[in-house]
1. Can you give me the ranges of the helices (runs of 4 or more DSSP H) entirely in the stretch 238-355 with at least 3 residues that are within 30 Å of residue 108 (Cα to Cα) and away from ligand 2 (no atom under 14 Å from the Cβ)?
2. Say we look at the stretch 140-153 and pick out the residues that are open to solvent by 30 Å² or more (accessible area, probe 1.4 Å) and away from ligand 2 (no atom under 15 Å from the Cβ); which of these is modelled with the highest pLDDT?
3. When you look at residue 186, is it more than 16 Å from ligand 2 (Cβ to nearest atom) and either surrounded by 17 or more Cβ atoms within 10 Å (Cβ to Cβ) or more than 30 Å from residue 98 (Cβ to Cβ) (or both), yes or no?
4. Given the conditions (1) of a type outside the set (Ser, Thr, Tyr); (2) farther than 19 Å from residue 19 by Cα; (3) out of contact with any Lys or Arg (no Cβ under 8 Å at 6 or more places or on another chain), report the number of the one that residue 95 does not fulfil.
5. Can you pull out the residues in the stretch 181-213 that are acidic (Asp, Glu) and without any contact (Cβ under 8 Å) to a residue 60 or more places away in the chain?
6. Residues of the stretch 260-270 being modelled with pLDDT of 95 or more and open to solvent by 10 Å² or more (accessible area, probe 1.4 Å), which ones?
7. Looking only at strands (runs of 3 or more DSSP E) that lie completely in the stretch 123-217, which have at least 1 residues being assigned by TED's automatic domain parsing to the domain that holds residue 81 and over 24 Å from residue 76 (Cα atoms)?
8. Here is a list: 137, 126, 165, 156. Which entry is open to solvent by 10 Å² or more (accessible area, probe 1.4 Å) and of a type in the set (A, V, I, L, M)?
Amino acid sequence: MRTVSFPAASKEYDVIIGNGAVSVLGTETKKLCPGALKALIVSETNVAPLYLDKVRGELEKAGIEAFDYVFEAGERSKGIEAVAAMWNKMAEAGFTRTDFVVGLGGGVTTDMAGFAAATFLRGINVIQIPTSLLAMVDASIGGKTGIDIAKGKNQVGAFWQPSVVIEDISFLKTLPDEVFTEGMGEVIKHAFIVDPVLLEKLEKANGNIRDDEELLEDIVSMNVADKASVVKEDENDNGRRQILNYGHTIGHVIERDSGYTKPHGICVAKGMGIMIDACVRAGSLEAGEAERMKAVMKLYNLPASDEITPEEIVSGAMNDKKKRGNNISVILVNKIGKAEIRKMTPEEFMRFLSK
Ligand SMILES: NC(=O)c1ccc[n+]([C@@H]2O[C@H](COP(=O)([O-])OP(=O)(O)OC[C@H]3O[C@@H](n4cnc5c(N)ncnc54)[C@H](O)[C@@H]3O)[C@@H](O)[C@H]2O)c1
Ligand SMILES: [Zn+2]
């Protein structure tokens, strides 16, 4: 078991990672939520049958009365109705400002649990227990919380940092293979943008990391540290944090054009592949580096191309909420481990993609 400190400017907290890490929940609760009497465990229909009782048991051992709200698994539940149900559940149970929320599930769960905590009584503590690889390395850390609305994904939310994040590696055993692969999209992204050592580790493992808990713990920890190093400098996403969007500008367009039927991590991988090709054509990324990047994506079953045209990418990117003004922030990796943000006009981005 190991602890990575997450030094957000607004709040520094621990991310505790390891096999059986959920056993620290009680002691962490006593330390971080003194005076708490009640907790609402937010979970969903795939994860709750597997792990809810364990989490409830840990809380009860610490003298906490545990309530739960279990929603239908999947992105389609990520809306205001579920969050309103959480608010009502807490209000009916007489929650006060010292009580707290526990998010137990993938990114859909941790985003909603975080948002419910950020808003209930103008903000109560949240402890995140991510259960998917993507939630462990990305969604549950960094403090972005939120829900989807009809007009788009993650359009409403708040920055709200958790009190602690507990990442029990053994929970990954039950994750379906394709969901694990999706999470690898974000893992490889971190390797590309800031962490050449992680890339070497992934190459050495030769695609076999699922069954090696020690290696998984290592890889997850490195990813948490990577995201921490980026978020630390720019908690509210005005500058350097944008490098975490590598592959996402294009990935989001592919995802949206598919009516959200294509998985996020797969779309991001395709976006990274398209960016790698474009950088090679522009002469800024060496062919050898590009080959290495694509080889590791293949090793972990991720695609690196898509049929989408430059016209479709640019017009889609112009509608993206993350676009600032008339320029598009394009994230480039011209050397493994070094990402840069370049502002491009739509015309420049089009030329860059279609050279
Ligand atoms: N806040 C952020 O910074 C941030 C970053 C990236 C993504 N996200 C959000 O995260 C969400 C995607 O996260 P996700 O991929 O974890 O989605 P998810 O929560 O839907 O989980 C994916 C699937 O895995 C299942 N699952 C999760 N853990 C399991 C386990 N241990 N055993 C068996 N099944 C399990 C879930 O039931 C679901 O079917 C999106 O809504 C995205 O917007 C947020
Ligand atoms: Zn992503």
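1. Working: elements: 248-257, 264-281, 287-299, 310-318, 346-354.
Ranges flagged: 264-281, 287-299, 310-318.
2. Just the residues of the stretch 140-153 that are open to solvent by 30 Å² or more (accessible area, probe 1.4 Å), to begin with: 144, 149-151, 153.
Of the ones still in play, those that are also away from ligand 2 (no atom under 15 Å from the Cβ) are 149-151.
Values: 149: 95, 150: 92, 151: 86.
Once the filter is applied, the top-ranked residue is 149.
3. Values: more than 16 Å from ligand 2 (Cβ to nearest atom): no; either surrounded by 17 or more Cβ atoms within 10 Å (Cβ to Cβ) or more than 30 Å from residue 98 (Cβ to Cβ) (or both): yes.
When the stated conditions are applied, residue 186 does not pass them.
4. (3)
5. Step one: filter the stretch 181-213 for residues acidic (Asp, Glu), giving 182, 186, 195, 200, 203, 211-213.
The answer is 200, 211, 212.
6. Hits for the stretch 260-270 are 266, 270.
7. Details: elements: 125-130, 144-149, 152-159, 164-168.
Correct list: 125-130, 164-168.
8. Values: 137 fails: open to solvent by 10 Å² or more (accessible area, probe 1.4 Å); 126 fails: open to solvent by 10 Å² or more (accessible area, probe 1.4 Å); 165 fails: open to solvent by 10 Å² or more (accessible area, probe 1.4 Å).
Among 137, 126, 165, 156, only 156 is open to solvent by 10 Å² or more (accessible area, probe 1.4 Å) and of a type in the set (A, V, I, L, M).
The values are calculated or read from the model by the stated rules, or taken from the named source; none is laboratory data. Values in this document were obtained by computation on a predicted structure and should not be read as measured data. Every residue, glycine among them, receives a Cβ derived from its backbone with ideal geometry; neighbour counts consider all protein chains shown. These accessible areas exclude ligands, DNA and RNA; they are computed on the full protein's heavy atoms, side chains included. Shrake-Rupley method; radii C 1.70, N 1.55, O 1.52, S 1.80 Å.
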